[in-house]
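The values are calculated or read from the model by the stated rules, or taken from the named source; none is laboratory data. This one's a predicted model, so the numbers in the text were calculated from it and none came from an experiment. Every residue, glycine among them, receives a Cβ derived from its backbone with ideal geometry; neighbour counts consider all protein chains shown. Heavy atoms of the whole protein, side chains included, go into the accessibility calculation; ligands, DNA and RNA do not. Shrake-Rupley method; radii C 1.70, N 1.55, O 1.52, S 1.80 Å.
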Amino acid sequence: MTGRGRTLAAAALLAATGASLWVVSGRLRLDPNVGSLLPDRGDAVALRRYVRAFGGGDLGAVMVRSDEPDLNRRLCAEIAAALAARPSMAIAVDRIDASQQPSPWLVWRHANAAIRERLAAALTPDGMRARLRESRRLLALPGSGPLAALVAQDPLRLTQIAFESASAASGLHAQADGRFTNDGGRTCLVLVKGRGQALVSADARAFANDMAAVLDPLRAAHPGVEIGDTGGHAIAAATETMITGDLMRSGPIATVLASGVFVAIFRRVRALAAVLPPLLLGTLWTAALASALPGGLSAIAVAFTSVVVGVGVDTGVHVYAALLAARRAGLDARAAAAAARRATARAVLLAAVTAAAAFAALGLSEIRAVRQLGVLCAAGEVLTAIAIVLVTPEVGRWLERGAPPAAPPARWTRLFAWLAGTRRRALVTAVAALAPIVGVAVLGPPPLAAAIVGIRAGTLAPLRVQEEIYQTFGGRPGQVIVMVADRDPAAARARADRVVETLAAAPEAEAIDALTTLAPALATQAARLAERDALDLPAKAGELERALRESGFVADRFGSVLAAMRRPPRDLLDLPALEATPSAILLSRYLAVDDDETLLAIYVQPRGGTDAVSRLETAVHAVEPTAVFTGYGRLEKNLRETLRRDLPRIGLVAALCVVLALAAALRRPRDVAIAAVVVLGEVAAVLTLFRFAGIPLHAYSALVLPVLLGITVDEGMFLLHRAGASDEPDDIAATLRDEGPPIAATALTTAAGFGALVFAEFDGLRDLGLAGALGSAVGLVMALTLVPVGLRLLAAPRARRQA
């Protein structure tokens, strides 16, 4: 490179770096939305819409648990009062005011068909007397004070019939005093609604900060009490913190591990000064591209930093090795730098483009986070290679002005040379190395792990709290969400009411949680009150008065109840009225707006497995064909189907890129065949290790396998390129001795880059890193084994005779 060329290149590098720093510092955003981890088709589309619409303003909860019920109640009341005063909290309550019970003659508004039948039965002469006898028995029990107030307003306890099966938040029932506790009082909850949107970083962070300001002092003051929070804002804030931590950790860890491997094999610490700066430049340029991603950087895409560092070192290894070789050959530092660039530029850039093409194949995935990862890693691979080709020789010529070091001994390569020393040993080695291919062909690939592990990070405290609430209050996994959408809010609510009526009549529905319990559509309420009026309540008032006397009650004390029965109210409850009550906190769980449509979410706990859900779908679609079923429980099948579609498509593209790269680089059919067998054996060995080591194989870790085709092919490619046309045993040993250390460094630094992800908090990212690290290491062993063996077995006739 001429002096003018160096000046222009330096100016271009400085301009690109300055612009990248400006973009990254101001625009790089993280995406805490779990929707980015979901496929773009099937049930996952509905789940993404649910997450976007309802996750944005989700109902949160604070759980307080200890063996002291009185302390729990006191702490819940204190937490509710403190949170309500915080600016990021819209509502915080530890109870719903049970004293504001609706008139017993209005409960028909909220009752489905089955409950309306029970209400009608309670108004028969025999039904009245049975209910009143039970009321007398309950009032005689200790602690019946709250019930006495209820019976005074509702002697038949019709309100109890209407609402005893109603629940909020997956099985959560309010007790008689309105508190959200389990029966023993050992766990109580504070329900919270945050301001703003959970998927807006500033809103989620403000919520988390206010929550910590209230809860942390109480945790310190009461170490024996478990206090935790969950909900959309809490999960989003924790997810963003996790992504930030993974992003900040993985890059430096990858740099340290890759540098350690580089120094251990290269034995030239100063070489890091020539390789790391351009490597970091390329990573910074890639981060600038990440800043342009719509929606921000997902929990999977943050892997790009460690992958780019690990894979990018490959180029530096080959360039610096060529520089040292040129110095040992007698060239001065300037000439050696130019020679190194000429000797390696084509090969390393071709290898970088091949790896980039394999990464870019991930852009065909149906999962946005995987597409992000593929695009960023592809760009990073090329950008770091360009930076290293431009910068490393220039820095290296200053570092290597003195006498060049002797080439470090590579005695370990003698083992691989010995394995290929004779045709018999080479044949036995080839059979052993390729045995995993037969194993995979016979046994098939390892079974897919639970895909949901890759979606929901089990290390997040809010998710653990959510799971504990499910277990404590009767919820369990497998909940199905039914969504109804309409541009007309009243129509959407009426359609959702019909769905709930259908579900309530289905034996497969164990529990239903919906807005209709709180506020059905006005048309639904009017129709139900008309059904009540058909029972002729005024005519039954006298019968209730007689039943009260016969059951031992003083009928005169129920004058207001009897008067209302003779003139039944017809008040309708609409959302504005509900929003003025404590129950308003529950609205965000059921009602949302998305794309100018009103969405109603109905939560169903099915009784049974997938067959039960299928029957529920059939029943619901008979009355509401556009209703959509979704939920995390249904996502498992969808992710498996996505993986089955993505893997062949991405694998085919990656394999095609590898074949084209091999043909361009090696040209000899023999060498192309050997390199292809190396990659094939590597993938089979990795799948075998996954099966026997129990490593999770899901939508994220499995999609690394096609990428391995592109990022590990260069080990075999460089060995074959170095060997040239020779297949003599001595030449094979010399090839391993000279090229073995550089390709070991490239493969192990790639493994180090992926291995840094093992320290991530996100489960899916850890599995992805483990798959990549394992694949890179196995690819190195396969290349060092099968390339010499292939050269030996496919030797020309003359070489065979000499063996």
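A few points about this structure:
- Residue-level check: of (1) at pLDDT 90 or above; (2) open to solvent by less than 40 Å² (accessible area, probe 1.4 Å), E226 misses just (2).
- Enumeration of residues in region 583-601 that are in contact (Cβ under 8 Å) with a residue 60 or more places away in the chain, surrounded by fewer than 19 Cβ atoms within 10 Å (Cβ to Cβ) and closer than 17 Å to L47 by Cα: V593, D594, E597
- T244 vs. criteria part of a helix (DSSP H, G or I) and either closer than 30 Å to R186 by Cβ or at pLDDT below 85 (or both): yes
- Residue match in region 619-642 (condition: under 23 Å from the mean Cα position of the chain (by Cα), of a type in the set (G, A, S), modelled with pLDDT of 85 or more and not in a helix (DSSP H, G or I)): no
- Within region 452-468, tally of residues that are in a helix (DSSP H, G or I) and either open to solvent by less than 20 Å² (accessible area, probe 1.4 Å) or modelled with pLDDT under 70 (or both): 5
- Answer residue from region 518-538, given it is among the aliphatic types (A, V, I, L, M) and in a loop (DSSP other than H, G, I, E, B) and is farthest from A555 (Cα to Cα) among those: A521
- Options A665, A654, A693; residue that is under 24 Å from T749 (Cβ atoms), within 28 Å of the chain's Cα centre (by Cα) and surrounded by fewer than 24 Cβ atoms within 10 Å (Cβ to Cβ): A693
- Qualifying position, being in a helix (DSSP H, G or I), of a type outside the set (K, R) and within 25 Å of R649 (Cβ to Cβ), among E715, E739, E682: E682
- Boolean, L643 is touching a helix residue (DSSP H, G or I) at 6+ places or on another chain (Cβ under 6 Å) and either farther than 26 Å from G232 by Cα or free of Cβ contacts under 8 Å to residues at least 12 places away in the same chain (or both): no
Here is a yes/no grid of residues against (1) open to solvent by less than 20 Å² (accessible area, probe 1.4 Å); (2) under 17 Å from V593 (Cβ atoms):
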residue	(1), (2)
A485	no, yes
A496	yes, yes
V499	yes, no
E508	no, no
L515	yes, yes
L518	no, no
L522	no, no
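- Residues located in region 265-289, provided they are open to solvent by 10 Å² or more (accessible area, probe 1.4 Å), part of a helix (DSSP H, G or I) and within 17 Å of V391 (Cα to Cα): L272, A273, L276, P277, L280, L281, T283, L284, W285
- Unique residue being assigned to a loop (DSSP other than H, G, I, E, B) and surrounded by 24 or more Cβ atoms within 10 Å (Cβ to Cβ) when the list is A675, A699: A699
- Taken over region 411-420, the criterion of being part of a loop (DSSP other than H, G, I, E, B) and touching a residue at least 40 places away in the same chain (Cβ under 8 Å) is satisfied by W412, A420.
- Single match in V781, V787 (criterion: open to solvent by 10 Å² or more (accessible area, probe 1.4 Å), at pLDDT 90 or above, within 16 Å of V713 (Cα to Cα) and part of a helix (DSSP H, G or I)): V781
- Residues that are buried (at least 24 other Cβ atoms within 10 Å of the Cβ), of a type in the set (S, T, N, Q) and under 25 Å from D646 (Cα atoms) occur at least once in region 354-362.
- Elements of the type helices (runs of 4 or more DSSP H) sitting completely within region 104-178 and holding at least 2 residues that are acidic (D, E) and at pLDDT 80 or above: these cover 125-139.
- Any chance T712 is of a type outside the set (D, E) and within 30 Å of P408 (Cβ to Cβ): yes
- Residues of region 602-632 that are on the phi > 0 side of the Ramachandran plot and open to solvent by less than 10 Å² (accessible area, probe 1.4 Å): G631 alone.
- Here is the figure for region 753-778: residues that are touching a residue at least 60 places away in the same chain (Cβ under 8 Å), open to solvent by 10 Å² or more (accessible area, probe 1.4 Å) and assigned to a helix (DSSP H, G or I) total 7.
- Filtering region 363-372 to residues that are buried (at least 23 other Cβ atoms within 10 Å of the Cβ) and among the charged types (D, E, K, R) leaves only R368.
- Count - residues of region 421-451 that are without any contact (Cβ under 8 Å) to a residue 60 or more places away in the chain and buried (at least 17 other Cβ atoms within 10 Å of the Cβ): 0
- Count of region 556-573 residues which are open to solvent by less than 50 Å² (accessible area, probe 1.4 Å) and either of a type in the set (D, E) or more than 20 Å from L537 (Cα to Cα) (or both): 1
- Here A292 fulfils each of the conditions (1) open to solvent by less than 10 Å² (accessible area, probe 1.4 Å); (2) within 24 Å of the chain's Cα centre (by Cα); (3) farther than 27 Å from L770 by Cα apart from (1).
- 3 or more residues under 24 Å from R48 (Cα atoms) and touching a residue at least 24 places away in the same chain (Cβ under 8 Å): qualifying helices (runs of 4 or more DSSP H) within region 293-401: 368-399
- Selection count where residues are open to solvent by less than 60 Å² (accessible area, probe 1.4 Å) and in a helix (DSSP H, G or I), scope region 539-555: 9
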